[in-house]
Amino acid sequence: MLIAVVPASPKTGQAAIRALLNSTQTTKPISVKGVYRDLARVSEEFLSNPHFQAVKGDVSDATSLDLTGVDAVLAITPPRYDGSDILACARTASENTRLAIQKSGSVKRLVLLSSMGAEHESGTVGFFSVHL
């Protein structure tokens, strides 16, 4: 099974890749495709693993996302540290990820991970999935 982690460079993406590559719960090894805006951020730890591939892609640019051959996607709401509108960025990321999944024709499973709105008591659950 080939699982794409989109985006792969934030800490959550790195932890997910590490867990997937170290998984012993399946009879066949899991292969991971990490999608990075900047390939210089790929961990050496991952590059030495034969079940890992790093590809260039940016959730803010739909044309850069290629999920061809991917069986499952772990889509993570990317963190924003530049003061930009996090909701607008999340909408763009989810729409571009959705388009890439549709274009691939191979993705059968999708896991969405977001902590957006976690600081609020109610009213924010499901934002990312509604837009994907």
Practice item. Filter the range 1-28 down to residues that are under 15 Å from the mean Cα position of the chain (by Cα) and part of a loop (DSSP other than H, G, I, E, B), then give me how many there are. Key: 4
Exercise for review: Answer yes if at least one residue in the range 53-60 is of a type outside the set (Val, Ile, Thr) and modelled with pLDDT under 95, and no otherwise.
Suggested key: yes
Study note, to complete from the structure: All-but-one check, Phe46 against (1) in contact (Cβ under 8 Å) with a residue 40 or more places away in the chain; (2) touching a strand residue (DSSP E or B) at 6+ places or on another chain (Cβ under 8 Å), failing number (1)
Point to revise | Of all residues making up the range 31-71, the number that are of a type in the set (A, V, I, L, M, F, W, C), within 19 Å of Val111 (Cβ to Cβ) and surrounded by fewer than 18 Cβ atoms within 10 Å (Cβ to Cβ) | key: 1
Exercise for review: Would you mind stating whether Pro79 is at pLDDT below 95, more than 17 Å from Lys103 (Cβ to Cβ), touching a Leu at 6+ places or on another chain (Cβ under 9 Å) and outside any strand (DSSP E or B)?
Suggested key: no
Review point. Which one is nearest to Asp58 (Cα to Cα) among residues in the range 87-109 that are assigned to a helix (DSSP H, G or I) and hydrophobic (A, V, I, L, M, F, W, C)?
Key: Ala93
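Being at pLDDT 90 or above, under 24 Å from Leu2 (Cα atoms) and either assigned to a loop (DSSP other than H, G, I, E, B) or of a type in the set (Asp, Glu) (or both): is that true of Leu74 here?
no
The values are calculated or read from the model by the stated rules, or taken from the named source; none is laboratory data. Computed from a prediction, not measured in an experiment: that's the story for all the values here. Quick reminder, even Gly has a Cβ in these numbers, built from the backbone with ideal geometry, and neighbours come from all protein chains shown.
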